[in-house]
Amino acid sequence: MPAPETGGGLSAATRLFGLLGDPVAHSLSPAIHNAALQAAGIDGVYLALRVSPLDLGMAIAGARALGIAGLNVTIPHKVSVIAHLDGVTPVAGAIGAVNTIFWDGDRLLGDNTDVLGYRAMLGGSAPRRALILGSGGAARAVAFALAEDGAQVTIAARRLDAARLLARAVAGACEAADVAAIGWQRVDTALVATDLVVNATPVGMADGLQSPLEVAALERLPRHARVHDLVYGPHPTRLVLLARERGLDATDGQAMLIHQAAAAFWRWTGVFAPVEQMERAFRRALAV
C-alpha cells in the first residue's frame, strides 16, 4: 500500500489526525483529508482507526497522551464519546452528538460539523415535512438542522424508544420544533405525507445492494418528494438509484461528507479547507 500523501512528507514533526469508528475500512475520509493536508502544505497524515465501543475511553486517553492533532468520530461513537471529552461546543451540546474532536488549549473538545455538512446537502431549501430513517449520531444532526429550519420532522427507528429519545432531545434544543417519533412498521404510512426522506442509517454502506426502502415503499412518496441518502458509496447508492427510477429528486451523501470534513479541517488547523481538492480526492477514491 502506498504511503498517504501529506503536505510536508512524513517526519518527526508530522501531525497525526484520524477517524475513530467501527467499522472504518470503508471510509473515504483518509483520502479526502490527506489530499487537503497536501494541498494546504500542512505536514500531517490522517488515518482511519478502528476502535470498538469497549475501547473508546482508552482510545481518547491515548489521543491525549500522544497529542493527536484532531479526530473525527463516526458510527457507533458519536454520542458515547462525549463522556470522555472535556466539553463540547454549543451546537454539539444541543444535538447531543460529536463528529469532530479538537484541542482548545489543553482541553479536548467535541464539535458537530455534520450540521454544516447536511445544510450544504440540503441546498438552502428546507422541506415542510421530513422523515428521517434512523436515530443515531447522523440522524441527530439532520433532525436538528431540519427542525431549526422549521420543518415538521418525524424520526423512524426500529427501536421506538430510541426514536422518542431523539425526538425529545431535538424538541428541547429547538424552540417551537415540531418533532415526532414512530416505529419502523409505520414508515410506509408516513411516506405518503413526506416531502423529504433522509436515510441516516448505515444500510447500504457495507453492502451496496441493500437499501432501507425498496420500490414499493418509494412509490408511496409524493412525486415532488426528495430523497437524501447519507451513505455516500457506492456512488450512486441503491436507494438513490431506486428513487431516481421512480422519477424522484435523489442524492447521496457526498456533499455532506465533503462539507463536514471541510469544517473539521478548519477546526483542527485554522486553515480554510481546499474543497475542490477534497472533492477530486473523493471521486478518485470512489473509482478505485
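The values are calculated or read from the model by the stated rules, or taken from the named source; none is laboratory data. None of these values were measured; they are calculated from a predicted model. For neighbour counting, all protein chains shown are included, and Cβ atoms are generated from backbone atoms with ideal geometry for every residue, glycine included.
Couple of notes before you dig in:
A quick yes/no check of all residues on (1) under 20 Å from PHE272 (Cα atoms); (2) at pLDDT 95 or above; (3) surrounded by 14 or more Cβ atoms within 10 Å (Cβ to Cβ):
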| site | (1), (2), (3) |
| --- | --- |
| PRO4 | no, no, yes |
| LEU10 | no, no, no |
| THR14 | yes, yes, yes |
| SER27 | no, no, yes |
| ALA36 | yes, yes, yes |
| ILE42 | yes, yes, yes |
| VAL45 | yes, yes, yes |
| VAL51 | no, yes, yes |
| ILE82 | no, yes, yes |
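- Some residue of the range 190-197 being surrounded by 16 or more Cβ atoms within 10 Å (Cβ to Cβ), of a type in the set (A, V, I, L, M) and under 30 Å from ALA285 (Cα atoms): yes
- Residues in the range 246-261 that are among the aliphatic types (A, V, I, L, M) and either assigned to a helix (DSSP H, G or I) or crowded, with 22+ Cβ neighbours inside 10 Å (or both): ALA250, ALA255, MET256, LEU257, ILE258, ALA261.
- Being surrounded by 24 or more Cβ atoms within 10 Å (Cβ to Cβ) and either of a type outside the set (Phe, Trp, Tyr) or over 22 Å from GLN260 (Cβ atoms) (or both) is a description that applies to ALA143.
- Taking the range 6-108 and the helices (runs of 4 or more DSSP H) fully enclosed by it, the elements with 2 or more residues that are closer than 19 Å to ALA261 by Cα are at 29-40, 90-95.
- Pairs are defined by a Cβ separation below 7 Å, a sequence spacing of at least 6 or placement on different chains, a first member in the range 268-285 that is farther than 16 Å from GLY44 by Cα, and a second member that is part of a loop (DSSP other than H, G, I, E, B) and hydrophobic (A, V, I, L, M, F, W, C); the pairs so defined are PHE282/LEU28; ALA285/LEU28.
Quick grid of which residues meet (1) outside the structural domain of ARG280 (by TED's automatic domain parsing); (2) under 16 Å from the mean Cα position of the chain (by Cα); (3) part of a helix (DSSP H, G or I); (4) modelled with pLDDT of 95 or more:
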position	(1), (2), (3), (4)
HIS228	yes, yes, no, yes
PRO236	yes, no, no, no
VAL240	yes, no, yes, yes
ARG244	yes, no, yes, yes
ALA263	no, yes, yes, yes
